[in-house]
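The values are calculated or read from the model by the stated rules, or taken from the named source; none is laboratory data. Not measured: the values here are computed from a predicted model. Here Cβ is always computed from backbone atoms with ideal geometry, including for glycine, and neighbour counts include all displayed protein chains.
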Amino acid sequence: MELFSEVMPIILYFLGAVLLVVLIMLVVKLIDTVEKTNFLLDNITAKAQSLDGLFDAIDSVGETISSVNFRLISTVTNIFEKIFHKKKKKKKKIEKENDEYE
């Protein structure tokens, strides 16, 4: 039993040292991975910012097309309203004349 109480602390110290070395290596690899990730994120951010002008142009073209489309639809709608409104006026006029003759 005395041998066990002398050997056990040595084994525990050795395993603790091994664990400490492994943790240090993991932290170093983690730091390296974080640095690579930061580099990639900076690169992606720069590329995304370079595309902002393109997206602004696309947005402007989309708004222009939408505006032209709205004007076209409004014009066509007004033309149809005028045509059908005249027909309704003619029908009402004819009905009034018919009512007057009866």
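At-a-glance table
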read-out: Residue in the stretch 75-94 that is modelled with pLDDT of 90 or more and among the basic types (Lys, Arg) present; value: no
read-out: The stretch 1-36: number of residues that are modelled with pLDDT under 95 and acidic (Asp, Glu); value: 2
read-out: From LEU3, LEU15, residue being exposed (fewer than 10 other Cβ atoms within 10 Å of the Cβ) and either in contact with a helix residue (DSSP H, G or I) (Cβ under 8 Å, 6 or more places away or on another chain) or of a type outside the set (Lys, Arg) (or both); value: LEU3
